[in-house]
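The structure under discussion appears below in the form of structure tokens.
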Amino acid sequence: MAGVFIIPNDTLRDESSWSLEFGIKQGFQIKNWKAFIDLSFFWQEYKNFIEYQVSVWPNTFSNGTQIFPDSVEFPFPGSNKILGARPLNYESARVAGYEVGLMTTGKLGPVGLQFTGGYSYNFPTKKSDAQAADKYTAGEYIKDLFKYNTQRVTGPDTANVLPYRIRHLFRADMEITYWKCYLGATFNYGSIPEVVPGFYKTIANVIFSDINALEKYINGRLNGDFFMDIRMGMKINDHFGMGFIIKNVTNRYYSLRPGKPEPLRNFTMQFRYNF
């Protein structure tokens with residue numbers, strides 16, 4: 001067998017966690033306009049946090065038994081190693097943040113308007129041993145939580161941040177309706193992860209012959225990625241409707257997770273019938 005494997009880990013410990021969330025939701029109405037505002041804060045604590053890491057691993061369990069007997073060894077035959085993603089435990093992890101949302105609907109004469117928007121921020125951190133976890137107190141974490149709300153994590157503090165995570169997400173959806181027709185657009189924004197495992201550089205070197213390919217991609221998008229979709233259609237009656245959707249209208253090349261590009265511009269024609 002060849003390829004990238006999901007490698008079992010027979011020394012993996014069970015993950016446990018607790019979380020809390022509190023928030024407020026307020027609605028109000030002005031003439032024929034209705035709106036709701038949501039604000040929530042969340043805090044999550046993990047013990048034996050499980051995270052997959054892509055690297056080159058020994059092709060054996062802890063007792064010496066071979067995991068994949070017929071696999072193609074990497075980086076060369078006889079190394080008894082394979083390329084793949086393996087689950088590992090961190091001693092502890094913590095993720096906290098907040099979400100803000102707005103929903104409003106109303107009419108301007110015969111034209112109906114609807115808007116839904118939301119912003120989510122999180123600060124995901126991990127520790128590899130209990131001693132380090134004890135040093136990173138809740139007070140220090142809260143300080144960094146607000147410090148890095150408006151700036152990217154840099155320097156030694158990146159050692160605490162969980163890899164691959166998008167810490168800022170924004171989504172807004174607006175739709176206009178008139179008679180039986182509708183026109184809508186969705187706007188999306190996601191920040192670029194600050195931490196990408198170094199092994200991805202090796203993969204980039206193999207695929208693109210450039211060890212800095214991923215770093216160049218990230219440096220070109222330090223302000224994040226923006227993409228949008230639009231839709232239009234008509235509800236002919238209570239049973240039948242048709243629509244047309246354009247995803248990624250600007251045909252932007254973007255990736256929400258390192259090494260996994262999202263689809264380029266594509267078109268969808270819909271015909272719906274409800275029984």
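The values are calculated or read from the model by the stated rules, or taken from the named source; none is laboratory data. Note that this is a predicted model, so its numbers are computed, not measured. Please note: Cβ atoms are built from the backbone with ideal geometry, for glycine as well, and neighbour counts cover all protein chains shown.
When 140, 175 are checked against the criterion of being acidic (Asp, Glu) and closer than 30 Å to residue 112 by Cα, a single residue qualifies: 175. Beta carbons closer than 9 Å, at least 6 apart along the sequence or on distinct chains, pair a first residue in region 245-271 that is free of Cβ contacts under 8 Å to residues at least 60 places away in the same chain and farther than 19 Å from residue 173 by Cα with a second that is small (Gly, Ala, Ser) and not in a strand (DSSP E or B) for 259/204. The residue of region 132-159 that is surrounded by the most Cβ atoms within 10 Å (Cβ to Cβ), among those that are β-branched (Val, Ile, Thr) and part of a loop (DSSP other than H, G, I, E, B), is 153. For region 45-99, a tally of residues being on the phi < 0 side of the Ramachandran plot and over 27 Å from the mean Cα position of the chain (by Cα) returns 22.
Scanning region 30-77 for residues that are among the small types (Gly, Ala, Ser) and touching a helix residue (DSSP H, G or I) at 6+ places or on another chain (Cβ under 7 Å) returns a single hit, 55. For region 222-256, a tally of residues being out of contact with any strand residue (DSSP E or B) (no Cβ under 9 Å at 6 or more places or on another chain) and closer than 23 Å to residue 153 by Cβ returns 2.
Go through the residues of region 216-227 one by one and say whether even a single one is assigned to a helix (DSSP H, G or I), surrounded by fewer than 13 Cβ atoms within 10 Å (Cβ to Cβ) and without any contact (Cβ under 8 Å) to a residue 40 or more places away in the chain.
At the first step, the residues of region 216-227 found to be assigned to a helix (DSSP H, G or I) are 216-219.
Going one step further and asking which of them are surrounded by fewer than 13 Cβ atoms within 10 Å (Cβ to Cβ), we end up with 216, 219.
Within this subset, residues satisfying the condition of being without any contact (Cβ under 8 Å) to a residue 40 or more places away in the chain are 216, 219.
Looking for residues that are assigned to a helix (DSSP H, G or I), surrounded by fewer than 13 Cβ atoms within 10 Å (Cβ to Cβ) and without any contact (Cβ under 8 Å) to a residue 40 or more places away in the chain, one finds at least one in region 216-227, hence yes.
Residues are listed down the side, and each one gets a yes or a no for (1) over 18 Å from residue 54 (Cα atoms); (2) at pLDDT 95 or above:
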| position | (1), (2) |
| --- | --- |
| 175 | yes, yes |
| 186 | yes, yes |
| 195 | no, no |
| 200 | no, no |
| 203 | no, no |
| 237 | yes, no |
| 265 | yes, yes |
| 274 | yes, no |
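When 183, 169, 162 are screened for being aliphatic (A, V, I, L, M), crowded, with 17+ Cβ neighbours inside 10 Å and closer than 26 Å to residue 104 by Cα, only 169 passes.
For region 86-116, the set of residues classified as touching a residue at least 40 places away in the same chain (Cβ under 8 Å), part of a strand (DSSP E or B) and exposed (fewer than 14 other Cβ atoms within 10 Å of the Cβ) consists of 107, 111, listed by residue number. Exactly one residue among 49, 68 is in contact (Cβ under 8 Å) with a residue 60 or more places away in the chain, under 17 Å from residue 10 (Cα atoms), of a type in the set (Phe, Trp, Tyr) and not in a loop (DSSP other than H, G, I, E, B), and that residue is 49.
Against the condition more than 30 Å from residue 238 (Cβ to Cβ), in contact with a Leu (Cβ under 9 Å, 6 or more places away or on another chain), touching a residue at least 12 places away in the same chain (Cβ under 8 Å) and not in a strand (DSSP E or B), how does residue 189 come out, does it pass?
When the stated conditions are applied, residue 189 does not pass them.
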